[in-house]
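For reference, the structure discussed in these notes is given below.
The values are calculated or read from the model by the stated rules, or taken from the named source; none is laboratory data. No experiment lies behind these values; they were computed from the predicted model shown. Every residue, glycine as well, gets a Cβ built from its backbone with ideal geometry; the counts of neighbours run over all protein chains shown. The accessibility values were calculated without ligands, DNA or RNA, using every heavy atom of the protein model including side chains. Shrake-Rupley method; radii C 1.70, N 1.55, O 1.52, S 1.80 Å.
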Amino acid sequence: MNIEVPELAPAIEFYEAALGLKLCRIIDDDVAELAGASSDIYLLANAPGPAPAGSAAEARRYSRHWTPVHIDFVVDDIAASADRAIKAGACQESECVDWRGSKCITFADPFGHGFCLIEFVGDAYN
């Protein structure tokens, strides 16, 4: 899983503090590998401005933006995890909602990317 960020150091600090991820290694000074979620997460340092792909009509930006793709992080205690994320610099964008037998809160990281914290309750998703 790749997440583009403007600078590695503040992004590493945020994801470690907000979600308990751990830095595994830095690759070529512009990629950080983090572990602790269901998949490894790679933070990719890319300056704002240039188009992210040749066919993209929009420039790369790190203000809050919407995309139909986002990451859900499964947590054991949604209240404690939400508090941790907010203290690390996340912006809470919804109240806690019950969704198909789970609890969910939406957030934005300091780099404009949306993510959700989800706590499964009982046999949710079974």
Scanning the stretch 115-126 residue by residue, the ones that are modelled with pLDDT under 95 and of a type outside the set (S, T, N, Q) total 6
Being under 17 Å from Met1 (Cβ atoms) and open to solvent by 70 Å² or more (accessible area, probe 1.4 Å): is that true of His70 here? yes
When residues of the stretch 73-85 are filtered for being closer than 27 Å to Leu44 by Cβ and open to solvent by less than 80 Å² (accessible area, probe 1.4 Å), how many remain? 5
When you look at Asp76, is it closer than 21 Å to Leu21 by Cβ and at pLDDT 90 or above, yes or no? yes
Mind listing whichever residues of the stretch 1-48 are within 20 Å of Ala90 (Cβ to Cβ), in contact with a Cys (Cβ under 9 Å, 6 or more places away or on another chain) and either outside any strand (DSSP E or B) or in contact (Cβ under 8 Å) with a residue 24 or more places away in the chain (or both)? Ala32
